[in-house]
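Asks: Sending over a structure as structure tokens; questions will come in a sec.
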Amino acid sequence: MRELVSEAEVVAASGDDDLVVWAAQGMRPGVRAWACGDAVAVASPAASRRDRLVVRGTAARLVPLVRHALAEAGPSYRPLGDAALIEQVVAAVPELEPAVGFSWMGTEKLAPPRQEVTVSEGTYPEGSASWLADSAAPEVAALLAAANPGSYAVPGLPRVRRWAGVRDGESGALLAVAADAWSAPTVGLLAGVATAVPARGRGLGERVCRFVASALLAEHGRAALMVDDWNRAAVVVYERLGFARRRVAATGLRA
């Protein structure tokens with residue numbers, strides 16, 4: 001069992017796994033990481049609003065590592081990793097709750113736009129996607145409250161860095177948003193995606209996500225996001241943009 005103290009050590013120990021490297025957050029203050037054989041665990045406080053213990057490796061090595069990491073980091077940390085691996089860990093550690101599954105999606109290159117959306121932005125009744133001023137925070141919050149009340153990213157949270165949006169070309173009303181939030185040096189995170197209910201079905205969510213993901217790729221080299229498995233419409237959009245789906249799961253210590 002050894003503690004990892006740099007991002008380079010985390011990258012080497014994890015094989016540059018994008019989920020693990022994202023959790024390391026450049027080894028900002030408060031992040032801790034450990035390795036045991038092929039197993040790696042990264043304790044990342046308040047990463048996408050949760051104290052996350054992101055893990056990878058074989059279950060035989062990972063089970064004692066998870067016990068060690070939870071003892072070191074504290075009971076608020078929630079193990080997160082590939083779904084099959086987390087199920088094995090839960091089976092071996094009775095103190096853990098049943099796992100909850102969702103998907104991590106990542107890409108290093110966006111797919112080309114569909115032919116029907118490659119027309120000039122000037123032909124859209126809405127404006128193009130662009131970064132929003134800080135003064136738009138109340139509009140973003142109102143749109144999220146109506147269209148995606150469960151969003152982890154909301155204006156004003158630490159490390160929710162910036163918001164992009166698409167506005168109605170006539171009224172200027174905000175129709176769709178997405179955020180650059182909890183990004184790591186080499187993995188940018190897309191979050192806070194929402195489209196106003198009356199404006200759905202027009203490709204606005206895809207447009208704003210493409211804009212943010214393109215900026216994340218330019219700055220970080222990789223872009224990623226988390227999505228609930230039941231949200232098939234969102235998964236289809238992200239796959240169309242070029243994101244590859246990875247089934248993951250999270251658990252936590254029983255109360």
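Asks: Please go through segment 202-215 and give me each residue that is open to solvent by 10 Å² or more (accessible area, probe 1.4 Å) and either farther than 28 Å from VAL10 by Cβ or of a type in the set (S, T, N, Q) (or both), ordered by number.
Replies: Scanning segment 202-215 gives ARG202, GLY203, GLY205, GLU206, ARG207, ARG210, PHE211, SER214.
Asks: Could you tell me which numbered condition ARG245 fails, if it satisfies all but one of (1) in a helix (DSSP H, G or I); (2) surrounded by fewer than 17 Cβ atoms within 10 Å (Cβ to Cβ)?
Replies: Just one mismatch for ARG245, condition (1).
Asks: Further, regarding this structure: Every residue in segment 161-173 that is of a type in the set (A, V, I, L, M, F, W, C) and open to solvent by less than 20 Å² (accessible area, probe 1.4 Å), please.
Replies: ALA164, VAL166
Asks: Further, regarding this structure: List every residue pair whose Cβ atoms lie under 6 Å apart, where the two residues are 6 or more positions apart in sequence or sit on different chains, the first residue falls within segment 169-190 and is under 19 Å from ALA218 (Cα atoms), and the second residue, located anywhere, is hydroxyl-bearing (Ser, Thr, Tyr) and buried (at least 17 other Cβ atoms within 10 Å of the Cβ).
Replies: Qualifying pairs under 6 Å: TRP182/SER48; LEU189/SER183.
Asks: Another question, if that's okay. Suppose we filter ALA69, ALA39, ALA24 for residues that are touching an Asp or Glu at 6+ places or on another chain (Cβ under 7 Å), open to solvent by less than 20 Å² (accessible area, probe 1.4 Å) and in contact (Cβ under 8 Å) with a residue 12 or more places away in the chain; which single one remains? First the steps, then the outcome.
Replies: On the way: ALA69 fails: touching an Asp or Glu at 6+ places or on another chain (Cβ under 7 Å); ALA39 fails: touching an Asp or Glu at 6+ places or on another chain (Cβ under 7 Å).
Result of the check over ALA69, ALA39, ALA24: ALA24.
Asks: With respect to ARG61, is the statement that it is within 18 Å of the chain's Cα centre (by Cα) and open to solvent by 10 Å² or more (accessible area, probe 1.4 Å) true?
Replies: Criteria not met by ARG61.
Asks: Return yes or no: is GLY205 modelled with pLDDT of 95 or more and either of a type in the set (Gly, Ala, Ser) or over 30 Å from SER6 (Cβ atoms) (or both)?
Replies: Considered against the rule, which asks whether it is modelled with pLDDT of 95 or more and either of a type in the set (Gly, Ala, Ser) or over 30 Å from SER6 (Cβ atoms) (or both), GLY205 comes out as yes.
Asks: When segment 72-112 is examined, which residues are found to be open to solvent by less than 30 Å² (accessible area, probe 1.4 Å) and more than 21 Å from the chain's Cα centre (by Cα)?
Replies: Of everything in segment 72-112, those that are open to solvent by less than 30 Å² (accessible area, probe 1.4 Å) and more than 21 Å from the chain's Cα centre (by Cα) turn out to be GLY74, VAL89, VAL90, VAL93, LEU96.
Asks: A further question follows. Return the residue satisfying two criteria in turn: it lies in segment 42-58 and is surrounded by fewer than 22 Cβ atoms within 10 Å (Cβ to Cβ) and among the charged types (D, E, K, R), and of such residues it is farthest from VAL20 (Cα to Cα).
Replies: ARG49
Asks: What residue, among those in segment 152-194 that are of a type in the set (Phe, Trp, Tyr) and closer than 15 Å to ALA142 by Cα, is farthest from the chain's Cα centre (by Cα)?
Replies: Only one residue fits best here, namely TRP163.
Asks: Being in contact with a strand residue (DSSP E or B) (Cβ under 7 Å, 6 or more places away or on another chain), open to solvent by 60 Å² or more (accessible area, probe 1.4 Å) and at pLDDT 95 or above, is that true of even one residue in segment 117-139?
Replies: yes
Asks: Of the residues ALA191, ALA199, ALA224, ALA218, only one is open to solvent by less than 10 Å² (accessible area, probe 1.4 Å), small (Gly, Ala, Ser) and within 30 Å of SER6 (Cα to Cα); which?
Replies: Of the residues listed, the single one that is open to solvent by less than 10 Å² (accessible area, probe 1.4 Å), small (Gly, Ala, Ser) and within 30 Å of SER6 (Cα to Cα) is ALA224.
Asks: Answer with yes or no whether GLU206 is acidic (Asp, Glu) and touching a residue at least 60 places away in the same chain (Cβ under 8 Å).
Replies: Here the answer is yes, as GLU206 does meet what is asked.
Asks: Additional query: Out of curiosity, is VAL11 open to solvent by 40 Å² or more (accessible area, probe 1.4 Å), modelled with pLDDT of 95 or more, aliphatic (A, V, I, L, M) and touching a Ser or Thr at 6+ places or on another chain (Cβ under 9 Å)?
Replies: Spelling it out, VAL11 is indeed open to solvent by 40 Å² or more (accessible area, probe 1.4 Å), modelled with pLDDT of 95 or more, aliphatic (A, V, I, L, M) and touching a Ser or Thr at 6+ places or on another chain (Cβ under 9 Å).
The values are calculated or read from the model by the stated rules, or taken from the named source; none is laboratory data. Because the structure is predicted, anything quoted here is derived from the model rather than measured. Neighbour counts run over all protein chains shown; Cβ positions are idealised from the backbone, glycine included. Remember, those area values only see protein heavy atoms, side chains included, never the ligands or the DNA or RNA. Shrake-Rupley method; radii C 1.70, N 1.55, O 1.52, S 1.80 Å.
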